[in-house]
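Here is the structure we will look at.
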């Protein structure tokens, strides 16, 4: 990547920030007047031309003003973006919402997507916690009514699943609790495949419960079945970049492609911290008109999920990065609180 002198860095930062705010090409006269620079518009035009030759700016054919390229956005985010911590009001609101949730990790992901979409006025994505390979930790069986029980399955590293269990006959809560205790002793730390021999010695109801547990764990082990919560798509569609029907259709199609998103999420899981994909970063052609700001959350060496914000390349990166970082920290704290022991 080219090295920029301080003046070109300043000009690039101004163009990027103004274009993000206005979605209009930025001219040299406006840069000088709005920012009180002690140089002439001709000097700024020369700097803009140099930045264009270096690949950081471009200009529409119908305008003399410049707009950032994907490379310009990347340089801005990596080298020029000022730190923009969330306000105390934002932090309090997010904390309040997450402190009301229980231990169901699907609910955490759904809430994370809703919070990020509302706070950023962009689209948001979030996946529940998932381990590379599930191991049994704990089960609870709760009588709902005659012939129906609630199965609450807790897996190692903070994954919780609930499922209704139809019974062929009435079973008391005392019997369900006894079976829960027996299964907790026999299945502790086992994978779905390792439960076969343990289930053979169980009564019929026990074998039925183990079969359901194995089915749930098998789904969790399959990355193609990962659930993705999506919120705020309407916010993205209001941006001028998606005013044309074909562009809006492309956006919706991309966000409904589990294999593409799954591949991106797997890469995000490999590293801590906020990760930014601008225009697909040359690796994901369908994302050329989008930016994704993503982060892993969860246990340091265990189950993890991914959350983030999606929008046009012309995005408020400072606030977006701060939001994603803060919410991912909140969810990681919840994982530690509920499942750290």
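Values in this text are rule-based calculations from the coordinates and carry no lab data. Because the structure is a prediction, the values reported are computed rather than measured. Note that we place each Cβ from the backbone using ideal geometry, even for glycine, and neighbour counts take in every protein chain shown.
Here is how the numbers come out for the structure above:
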read-out	value
Most fluctuating residue given options 65, 36, 311, as computed from a GNM of the chain linking Cα atoms under 10 Å	36
Calculated FRET value between residue 267 and residue 289, using beta carbons and R₀ = 22 Å, to 0.05	0.65
Gaussian network model of the chain, Cα within-10 Å springs - most flexible of 39, 15, 313	39
Within a Gaussian network of the chain (alpha carbon springs, distance under 10 Å), most fluctuating of 156, 79, 61	61
Where N is the number of residues in region 6-80, Cα Rg divided by 2.2 N^0.38 Å	0.97
Stretchable slack from residue 150 to residue 59, in nm (0.36 nm times residue separation minus alpha-carbon distance)	26.7 nm
At 1.002 mPa s and 20 °C, Stokes D of region 136-224 from Kirkwood alpha-carbon radius, µm² per second	163 µm²/s
Protection-proxy order for peptides 189-197, 137-145, each taking the mean of Cβ atoms within 10 Å per residue, highest first	137-145, 189-197
Between helix 204-221 and the chain: long-axis angle, C-alpha atoms, 0 to 90°, nearest 10	10 degrees
Structure-based [θ]222 nm, the chain - -39500 (n - 2.57) summed over DSSP H runs of at least 4, per residue, nearest 500	-14500 deg cm²/dmol
Nitroxide proxy distance, nm - points 7 Å out along Cα→Cβ at residue 99 and residue 201	4.7 nm
For Kirkwood radius over Cα pairs in Å, calculated from these coordinates, the label among (i) 20.7; (ii) 22.8; (iii) 22.1	(ii)
Percent RCO, i.e. relative contact order, over region 239-341, from Cα pairs under 8 Å lying at least 6 residues apart	21 percent
Cβ-Cβ FRET estimate between residue 79 and residue 219, R0 fixed at 41 Å, reported to 0.05	0.40
